[in-house]
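Participant: Quick one: the structure is below, and I'll ask about it shortly.
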Amino acid sequence: DAGVTQSPTHLIKTRGQQVTLRCSPKSGHDTVSWYQQALGQGPQFIFQYYEEEERQRGNFPDRFSGHQFPNYSSELNVNALLLGDSALYLCASSRIQGSGEKLFFGSGTQLSVL
Amino acid sequence: QKEVEQNSGPLSVPEGAIASLNCTYSDRGSQSFFWYRQYSGKSPELIMSIYSNGDKEDGRFTAQLNKASQYVSLLIRDSQPSDSATYLCAVTNLKAAGNKLTFGGGTRVLVKP
């Protein structure tokens, strides 16, 4: 049973560029959440997708957008990259019903903005 | 005031000793509480969840919850060098925010042989 998979594992971009990160949820999960973790800090909630719609959003600017596909996989897009966007981006999946409060994390994408 | 607060550490403990980690939270509506372990450069791994007041034990780990005082703690007994990691406390308020996790900044634990 595959867990949560994320791609790519590492990415280097320059300021002003755009980036797309991808996530496939754990089998049986239909909800995908994205978190940003800056060095030395705890993960911060970006947004959550369920039934192909953004259900909740954290305190992130509109440069951060996402999408969920019919197969429950998801993308995180960041436009006009800033140096401060350098972080580990984590995808987490869950079931919205039942034990949905337990999140399973992928291995993350380390984004470096130069 | 941060929503979830933890001492950043590092918490240095000798091998075989008990490591005690604390976490306080501000949202009284929080219902679910989690401890994640995160090794450097890796993603968080769920090690404990607790939902009601009292203690919950799982192997060498014990989570303690006191909703009246708004704190949750984690004890690691017989600490091993492999326990050296950052421990993240996280809470959810299912009614207000679904299963969105709010994390603390983490406590770095160093277990010295």
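Participant: Give me the percent relative contact order of chain A, please, defined on Cα pairs under 8 angstrom at least 6 residues apart.
Facilitator: Details: 301 pairs, mean separation 41.6, N = 114.
Answer for chain A is 37 percent.
Participant: Right, another one. About its Cα centre, what dipole magnitude does chain A give when the only charges are +1 on Lys and Arg Cβ and -1 on Asp and Glu Cβ, stated in debye to the nearest 20? Write out the running numbers ahead of the final one.
Facilitator: On the way: 9 positive and 10 negative charges, 66 e Å.
That gives a dipole near 320 debye.
Participant: Something else now. Test of understanding: express the Cα radius of gyration of chain B as a ratio to 2.2 N^0.38 Å, with N the residue count.
Facilitator: On the way: Rg = 13.5 Å, N = 113, 2.2 N^0.38 = 13.3 Å.
Compared with the compact-globule rule of thumb, chain B sits at 1.02.
Participant: How large is the charge dipole for the range B:22-112, taken about the Cα centre, if only the Cβ atoms of Lys, Arg (+1) and Asp, Glu (-1) carry charge, to the nearest 20 debye? Please report the intermediate quantities before stating the final value.
Facilitator: Details: 11 positive and 7 negative charges, 41 e Å.
Dipole magnitude for the range B:22-112 comes out near 200 debye.
Participant: Any idea what the dipole of the range B:43-94 comes to, in debye rounded to 20, about its Cα centre with Lys/Arg Cβ at +1 and Asp/Glu Cβ at -1?
Facilitator: On the way: 4 positive and 6 negative charges, 36 e Å.
Charge dipole of the range B:43-94: 180 debye, to the nearest 20.
Participant: Continuing with this model, one more query. Run the quick spin-label model on B:Arg28 and B:Glu3: label points 7 Å from Cα toward the beta carbon, then report their separation in nm to one decimal.
Facilitator: Between B:Arg28 and B:Glu3, the label points sit 1.8 nm apart.
Participant: Let me ask another. State the three equivalent ellipsoid semi-axes of the protein assembly as shown, derived from the C-alpha gyration tensor as the square roots of 5 times its eigenvalues, in descending order and whole Å. Provide the component values of the computation, followed by the final result.
Facilitator: Working: eigenvalues 171, 84, 51 Å².
Largest first, the protein assembly as shown gives 29, 20, 16 Å.
Participant: How far apart, in nanometres, would the label points at B:Tyr71 and B:Asp58 be if each is projected 7 angstrom from Cα along the Cα-to-Cβ direction?
Facilitator: 2.3 nm
Participant: Check the protein assembly as shown and count each lysine pair with an alpha-carbon distance under 18 angstrom, considering only pairs eight or more places apart or from different chains.
Facilitator: 10
Participant: Moving on to the next point. Dividing the convex hull volume of the alpha carbon atoms of the range A:42-83 by its residue count, what do you get in Å³ per residue? Provide the component values of the computation, followed by the final result.
Facilitator: Numbers: hull volume 3.6 nm³, N = 42.
Convex hull of Cα atoms, per residue: 85 Å³.
Participant: Follow-up. By how many nm would the segment from A:Gln41 to A:Asn59 lengthen if fully extended, with 0.36 nm per residue of separation less the alpha-carbon distance?
Facilitator: Values: separation 18, 0.36 × 18 = 6.48 nm, distance 1.56 nm.
This chain segment gains 4.9 nm when fully extended.
Participant: Something else now. Of A:Ser86, A:Phe105, A:Pro61, which is farthest towards the positive pole of chain A's charge dipole, taken about the Cα centre with +1 and -1 on the beta-carbons of Lys, Arg and Asp, Glu respectively?
Facilitator: Going by the Cα projections, it comes out as A:Ser86.
Participant: Identify, among B:Tyr71, B:Met48, B:Ser26, the residue whose Cα sits farthest towards the positive end of the charge dipole of chain B, taking +1 on the Cβ of Lys and Arg and -1 on the Cβ of Asp and Glu, with the dipole about the Cα centre.
Facilitator: It is B:Ser26, whose Cα lies furthest towards the positive end.
Participant: Can you tell me the FRET efficiency between A:Ile12 and B:Lys112 if r is taken as the Cβ-Cβ distance and R0 is 41 Å, rounded to the nearest 0.05? Write down the numbers at each step before the final one.
Facilitator: Working: r = 36 Å, r/R0 = 0.87.
It comes to 0.70.
Participant: Could you tell me the extents of chain A's C-alpha atoms along the three principal axes, largest first, rounded to whole Å?
Facilitator: In descending order, the Cα extents are 41, 25, 24 Å.
Each reported figure results from applying straightforward, stated rules to the coordinates on display, with no laboratory input. Because the structure is predicted, anything quoted here is derived from the model rather than measured. No Cβ is skipped: glycine too gets one built from the backbone with ideal geometry, and neighbour counts run over all protein chains shown.
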